[in-house]
Every structure is written in C-alpha cells, then in structure tokens.
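J.: Sharing a structure, written as structure tokens. Questions coming.
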Amino acid sequence: MSRNFSEIFSEQRKKMLIEQLIPRGIEDVKVLEVMGKIPREEFVKTKEKVRSYFDGPLPIGNNQTISQPYIVAYMTEMLELTGNENILELGTGSGYQTAVLAEIAEEVSTIELIPELAGIAEELLTREFGYTNIRFKTGNGAEGWTEHAPYNRIIVTAAPVEFPELLFDQLAEGGIIIAPVGGYTQNLMKYQKMNGKIIQTGLIAVSFVPLIV
Ligand code: SAH
C-alpha cells in the first residue's frame with residue numbers, strides 16, 4: 001500500500017491550482033488544466049524535487065531559475081491563447097513554460113542563451129515527453145528568430161532593461177507580447193500590434209533574472 005512519488009506529486013499539483021492559481025484569479029481553464037497535468041517535478045534538479053510545487057521560483061543551475069507557478073500561469077493567461085498560435089519564447093530555462101505553451105498552442109520556437117540549459121530542456125521535452133511542436137535554438141533571444149516569424153505571440157522570461165524593439169517586426173498583426181522589462185524594479189508589459197501600431201500596457205510588478213545581451 002505504499003504510495004509512490006507520482007501520486008504525491010499529483011496531489012501537490014492539485015493543491016497548486018487550489019491554493020496558488022485559482023485564489024489569485026487565474027481563470028483560463030486551459031491554463032489550469034495544463035498546469036494540473038504537467039509534472040513540474042521533472043523540470044527541477046533532484047535535490048529540489050521535494051519543493052517542485054513551492055509558491056516561488058527555484059534554482060535550475062547556472063544562476064537561473066524556474067519561474068513561480070503563478071507567474072507562469074499569469075503570463076500564459078495574458079497571452080490569450082486560442083490554440084492555433086505560432087509562439088516565440090525567449091529564455092527556455094527549465095522548459096516548464098515551454099511545455100505549458102506547447103500543450104495549448106500549435107507551435108513553439110524557443111531560444112535559450114546557456115547551452116547546458118538548452119540541451120537539458122530539449123532532451124526532456126523531445127525525448128522524455130515527446131513534444132513534436134517545439135523548435136529549439138541556442139543563442140541570444142533578443143535578436144528573435146526570423147525564420148519562423150511572424151509570431152502570433154512572443155513571451156520573454158528574462159528581463160531586458162529596455163524592450164528590444166526589433167522583436168515588434170517579428171510579431172504578426174493582432175499579436176501579443178508578454179515580457180518583464182526593467183532593472184532593479186521590473187514591470188510585466190503587454191504589447192499588442194493593432195493596425196501595425198504597438199499598444200503597450202503595464203500589468204504587474206515582477207522579478208525576473210536579467211535578459212543577458
Ligand atoms: N521560463 C523559464 C525561465 C528561466 S529563467 C523557466 O520557468 O524555467 C530565464 C532564462 O532566460 C534563463 O535560462 C537564461 O539563461 C535565459 N536568458 C537570459 N538571457 C537570454 C537571452 N539573451 N536569450 C535567450 N535566453 C536568455
């Protein structure tokens with residue numbers, strides 16, 4: 001009658017929805033469904049597994065972090081995904097946010113600067129999980145990825161001091177960008193392309209690792 005790890009983690013996953021995401025206002029059923037399914041414990045190092053569903057960021061090596069579950073949920077909800085989007089993600093990190101996007105949208109192109117993290121995430125998402133709708137690139141995301149542009153959505157999970165405006169050229173009409181912007185203090189920004197113009201809205205205060213450029 002011993003309970004295995006996957007059962008314990010599935011309880012923790014439910015608790016994450018009930019205690020962290022829903023009370024703070026996450027309403028997108030698709031986001032809740034997907035985060036209630038993806039095993040977050042697979043995206044953290046062995047010694048962090050016990051804290052996989054902790055209400056905050058966790059270290060993933062190379063001085064980087066996997067984002068707090070609520071922030072992943074909030075950013076994904078703000079992307080207003082309907083399911084057929086072509087997404088660009090900057091800052092693959094652990095690949096957890098990438099998996100959330102790949103579950104909901106049509107295709108995801110993700111860029112990670114640090115080769116070691118890029119390698120671990122690609123291995124996990126393609127070999128272990130079998131995702132076939134994710135493209136991986138190692139390099140500087142601030143330049144975007146023109147080959148697969150235009151993107152319906154762009155999500156940035158490391159903070160530039162100023163938003164790299166060349167990314168606006170890779171955004172499709174009607175498209176949305178969600179990105180943290182700032183230095184010591186940062187705001188999560190939403191940029192939307194309407195009739196070729198960029199409309200910008202500030203969302204919430206956040207704290208991300210810097211986008212290295
Ligand atoms: N969404 C990820 C967040 C990882 S932290 C997760 O939840 O796991 C941010 C990541 O952005 C780090 O892995 C960091 O190496 C990466 N990064 C920083 N600057 C970058 C750049 N210019 N281009 C691509 N990735 C970058």
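J.: Tell me which of these Glu41 doesn't satisfy, since it passes every other one: (1) more than 15 Å from the ligand (Cβ to nearest atom); (2) modelled with pLDDT of 95 or more.
T.: Going through the list (1) more than 15 Å from the ligand (Cβ to nearest atom); (2) modelled with pLDDT of 95 or more, Glu41 breaks only (1).
J.: To continue, here is another question. Among the residues of segment 38-47, is there at least one that is of a type in the set (A, V, I, L, M, F, W, C) and over 18 Å from Glu123 (Cα atoms)? Full working, then the answer.
T.: Quick first cut of segment 38-47, residues of a type in the set (A, V, I, L, M, F, W, C) only: 38, 43-44.
Keeping just the survivors that are over 18 Å from Glu123 (Cα atoms) gives none.
No, because not a single residue in segment 38-47 is of a type in the set (A, V, I, L, M, F, W, C) and over 18 Å from Glu123 (Cα atoms).
J.: Still on this model: Return only the number of the condition from (1) of a type outside the set (Val, Ile, Thr); (2) surrounded by fewer than 16 Cβ atoms within 10 Å (Cβ to Cβ); (3) within 16 Å of the ligand (Cβ to nearest atom) that Pro23 does not satisfy.
T.: Answer for Pro23: the failing condition is (3).
J.: Oh, and also: Just for segment 61-74: of the residues that are under 13 Å from Pro180 (Cα atoms) and near the ligand (Cβ under 9 Å from one of its atoms), which one is nearest to the chain's Cα centre (by Cα)? Write out each step before concluding.
T.: Filtering segment 61-74 down to residues under 13 Å from Pro180 (Cα atoms) leaves 67, 71-72, 74.
Checking which are near the ligand (Cβ under 9 Å from one of its atoms) leaves us with 67, 71-72.
Working: Ser67: 8, Ile71: 9, Val72: 6 Å.
Taking the candidates together, the pick is Val72.
J.: Kindly indicate whether any position in segment 43-52 is part of a helix (DSSP H, G or I), closer than 19 Å to Thr110 by Cβ and touching a residue at least 60 places away in the same chain (Cβ under 8 Å).
T.: First, pick out the residues of segment 43-52 that are part of a helix (DSSP H, G or I): 43, 46-51.
From what is left, the residues that are closer than 19 Å to Thr110 by Cβ are 43.
Then keep just the ones that are touching a residue at least 60 places away in the same chain (Cβ under 8 Å); that gives 43.
Among the residues of segment 43-52, at least one is part of a helix (DSSP H, G or I), closer than 19 Å to Thr110 by Cβ and touching a residue at least 60 places away in the same chain (Cβ under 8 Å), which makes the answer yes.
J.: Hey, another quick one. So, Ile155, is that one surrounded by 15 or more Cβ atoms within 10 Å (Cβ to Cβ), more than 15 Å from Ile111 (Cα to Cα) and either modelled with pLDDT of 95 or more or in contact with a strand residue (DSSP E or B) (Cβ under 7 Å, 6 or more places away or on another chain) (or both) or not? Steps first, answer last, please.
T.: Values: surrounded by 15 or more Cβ atoms within 10 Å (Cβ to Cβ): yes; more than 15 Å from Ile111 (Cα to Cα): no; either modelled with pLDDT of 95 or more or in contact with a strand residue (DSSP E or B) (Cβ under 7 Å, 6 or more places away or on another chain) (or both): yes.
Criteria not met by Ile155.
J.: A further question on this structure: Quick check, is Phe54 more than 11 Å from the chain's Cα centre (by Cα) and within 10 Å of the ligand (Cβ to nearest atom)?
T.: no
J.: Then there is this: Mind telling me which of the residues Glu107, Glu128 ends up being more than 19 Å from Asn86 (Cβ to Cβ) and at pLDDT 95 or above?
T.: Numbers: Glu107 fails: more than 19 Å from Asn86 (Cβ to Cβ).
Step by step, each of Glu107, Glu128 is checked, and only Glu128 is more than 19 Å from Asn86 (Cβ to Cβ) and at pLDDT 95 or above.
J.: Out of the residues in segment 39-51 that are surrounded by 19 or more Cβ atoms within 10 Å (Cβ to Cβ) and not basic (Lys, Arg), which is nearest to the chain's Cα centre (by Cα)?
T.: Here is the first cut: in segment 39-51, the residues surrounded by 19 or more Cβ atoms within 10 Å (Cβ to Cβ) are 40-41, 43-44.
Going one step further and asking which of them are not basic (Lys, Arg), we end up with 41, 43-44.
Working: Glu41: 16, Phe43: 12, Val44: 15 Å.
Applying the filter and picking the extreme gives Phe43.
J.: Please give the number of the condition Ile120 fails out of (1) within 15 Å of the ligand (Cβ to nearest atom); (2) farther than 25 Å from Lys49 by Cβ; (3) among the β-branched types (Val, Ile, Thr).
T.: Only one criterion in (1) within 15 Å of the ligand (Cβ to nearest atom); (2) farther than 25 Å from Lys49 by Cβ; (3) among the β-branched types (Val, Ile, Thr) is unmet by Ile120, namely (2).
J.: Identify all residues within segment 114-136 that are closer than 20 Å to Val44 by Cβ and under 15 Å from the mean Cα position of the chain (by Cα); write none if there are none.
T.: Leu117, Ala118, Ala121, Glu122, Leu125, Ile134, Phe136
The values are calculated or read from the model by the stated rules, or taken from the named source; none is laboratory data. A quick note: this is a predicted structure, and the numbers were derived from the prediction, not measured. Here Cβ is always computed from backbone atoms with ideal geometry, including for glycine, and neighbour counts include all displayed protein chains.
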